[in-house]
Amino acid sequence: RACEAAARFYHRMLLHTPEAEAARQHLAGRGLTAETVAAFQLGYSPDSWSALQEHLTKEGFSPTDMLFAGLVVQKEDGSLYDRFRGRLVIPIWDERGRMSGFGARALSDDQQPKYLNSPQTPIFDKSAILYGIHRAREAIRREGRAVIVEGYMDALMAHQQGFENVVGTLGTALTPAQVELVTRYAPRIALAYDVDAAGQGAATFGATELSALVGEIERSAHRGRLTDVGVVRLPDGRDPDEVMRDDPDGW
């Protein structure tokens, strides 16, 4: 409930506060519509050490609630501060549609890291969840295949364009737990990662690295349910979200 209340707060900040203009411009620049922003409850965390705490306190949540939900960080002296500050905030749901945690993207070059996720909590484990799985699971079951992308933006664009069997990893390599999760719904996986032959780009997989990942997936303990792992061959230099937005038939 604390995460749900935080998501409502962040979403309201994105829609209605002047300081969220950079976040709104970023989303517009990525081609995301107001409908997608609303459907996925995208938000903005104020550049404040305590804005979320103050809001959640008024909503009746205790400091312990906020700490266990991963929404605040505790300093050595026991005081708390908001974990996400001045960032685009992306709520994350589990496969049953329960709010579990957040990813938060930097909006300037001096913010590090570029993406900051919720920590592991009793309801959030980024190695065992896939972004968008709550909306994608029925389409995955219907189509018999899950398409897995690397990032939030690729997954958001996929759903905006009507490709509902797409899910995203949360800034990590695909894990056995994520394979187990997605193969509950379909036996086939297609990986749509940013790839170049040498893997020279910071955000790309090399062909050798991707081949090793496919082999690792196929050797996993979930081989009984997993019948096929494929790789989507993207045009050189094009991210999945660019292809889906500019050439949906090509996708």
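Quick notes on this one:
- When ARG96 is tested against (1) touching a residue at least 60 places away in the same chain (Cβ under 8 Å); (2) in a loop (DSSP other than H, G, I, E, B); (3) not hydrophobic (A, V, I, L, M, F, W, C), only condition (1) is not met.
- Among residues of region 1-26 that are within 20 Å of GLU59 (Cα to Cα), those with a Cβ under 7 angstrom from a residue that is of a type outside the set (A, V, I, L, M, F, W, C) and assigned to a helix (DSSP H, G or I), sequence gap 6+ or separate chain, pair up as ALA2/ASP65; PHE9/HIS55; LEU14/ARG24.
- PRO122 vs. criteria modelled with pLDDT under 90, surrounded by fewer than 18 Cβ atoms within 10 Å (Cβ to Cβ) and not hydrophobic (A, V, I, L, M, F, W, C): no
- Taking the criterion of being touching a helix residue (DSSP H, G or I) at 6+ places or on another chain (Cβ under 7 Å) and among the aromatic types (Phe, Trp, Tyr), the residues of region 17-58 that qualify are PHE40, TYR44.
- If only residues of region 167-190 that are in contact with a helix residue (DSSP H, G or I) (Cβ under 6 Å, 6 or more places away or on another chain) and without any contact (Cβ under 8 Å) to a residue 40 or more places away in the chain are counted, the one that is surrounded by the most Cβ atoms within 10 Å (Cβ to Cβ) is VAL167.
- First in region 107-132 and part of a loop (DSSP other than H, G, I, E, B), second anywhere and among the aromatic types (Phe, Trp, Tyr) and open to solvent by less than 30 Å² (accessible area, probe 1.4 Å), Cβ under 8 Å, 6 or more apart: SER118/PHE102; SER118/PHE124
- The single condition from (1) over 22 Å from ASP94 (Cα atoms); (2) buried (at least 16 other Cβ atoms within 10 Å of the Cβ); (3) at pLDDT 85 or above that GLY230 fails is (2).
- Flag for GLN53 being surrounded by fewer than 14 Cβ atoms within 10 Å (Cβ to Cβ) and not acidic (Asp, Glu): no
- Selection count, region 51-79, where residues are of a type in the set (A, V, I, L, M, F, W, C) and assigned to a helix (DSSP H, G or I): 6
- Failed item, numbered, when LEU32 is tested on (1) farther than 18 Å from PHE124 by Cβ; (2) over 17 Å from the mean Cα position of the chain (by Cα); (3) assigned to a loop (DSSP other than H, G, I, E, B): (2)
- Condition met for PHE61 (open to solvent by less than 10 Å² (accessible area, probe 1.4 Å) and under 17 Å from ALA5 (Cα atoms)): no
The values are calculated or read from the model by the stated rules, or taken from the named source; none is laboratory data. None of the values given here were measured: they were computed from a predicted structure. We place every Cβ from the backbone using ideal geometry, glycine too, and count neighbours over all the protein chains shown. Heavy atoms of the whole protein, side chains included, go into the accessibility calculation; ligands, DNA and RNA do not. Shrake-Rupley method; radii C 1.70, N 1.55, O 1.52, S 1.80 Å.
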